[in-house]
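Coordinate-derived values only; no laboratory data. What you are looking at is a predicted structure, and each value in this text was computed from that prediction instead of being measured. Note: ideal-geometry Cβ built from the backbone for every residue, glycine included; neighbour counts use all protein chains shown.
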Amino acid sequence: MSKKLFWIIGLVAVCVIGIIVLTDVSKKSVTLDYDGQPFLGEVSAPVEIVEFGDYKCPSCKDFNENLFPIIYEELVETGKAKFYFMNYSFIAADSTTAAQFAEVVYQELGNEKFWDFHNLLFANQTTVPHYTVEFLQAIVAKIASQEETEKVLAAYQNREGEAAWEKDMKTANSLGISSTPTILIGGKEFKGRTMNDFTKMVEEAATSGQ
């Protein structure tokens, strides 16, 4: 079966921690603060798609490499939605290290370099046992100059990624997020199984926002 039709991986297989439900975002729409968050797509796109993810989560890697390209092509590039990534780092200590490093990349090098770094992190997820600072610095060096890489490292060492990461974690915890990847469309959790379900939910969110 085509991955374009069925969510075989990624959204079906998820990384899970406990079962804690504080807010049922599958039934009611919640308002999120998107200010200062990295995103892909047009600012004017009517619907926000948000992935809560962990850079150590194998299912997030699958989602990023196999399912996200379909979402990007059919919904983001067409101007129907914009796509955000927010951190829910729970698997290991270096989940947090990677997330805060990514936040610094966004702050220091901008949105485009953030997504380059984001994709490389998932691409290299299985090549090392841990995301060390040295490894993360080497990943940045693949997309940035030596001066930019040193700038990112200095900002990370000054703990300049912590506030943005803490904001994401506070948001995730307030929503009762308990697995990754968790996807929200227009403030509601996606619970469907097919790409048609996904597209329909985006279209409904666009209509309800008018």
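A few comments on the model shown:
- Under the simplified labelling scheme, the residue 148-residue 33 pair shows an inter-label distance of 2.9 nm, with each label point 7 Å from Cα along Cα→Cβ.
- Cubic angstrom per residue, convex hull over Cα atoms of segment 160-210: 108 Å³
- On Cα atoms only, tilt of 111-123 relative to the major axis of the chain in degrees: 90 degrees
- Counted charge near residue 170, where neighbours are those whose Cβ lies closer than 13 Å (Asp, Glu -1; Lys, Arg +1): -3
- Sequence of 95, 29 once ranked by neighbouring C-beta atoms within 10 Å, starting from the fewest: 29, 95
- Calculated [θ] (222 nm, deg cm²/dmol) that DSSP helices of n ≥ 4 give over the chain, each run adding -39,500 (n - 2.57): -12500 deg cm²/dmol
- Between the Cα long axis of helix 162-175 and the first principal axis of the chain there is an angle of about 20°, rounded to the nearest 10.
- Reciprocal mean inverse distance between Cα atoms of the chain - Kirkwood radius, Å: 17.4 Å
- Sorting the segments 96-105, 43-52, 126-135 by their residues' average number of neighbouring beta-carbon atoms within 10 angstrom, most packed first, yields 96-105, 43-52, 126-135.
- The chain, relative contact order in percent, only Cα pairs under 8 angstrom and at least six apart counted: 37 percent
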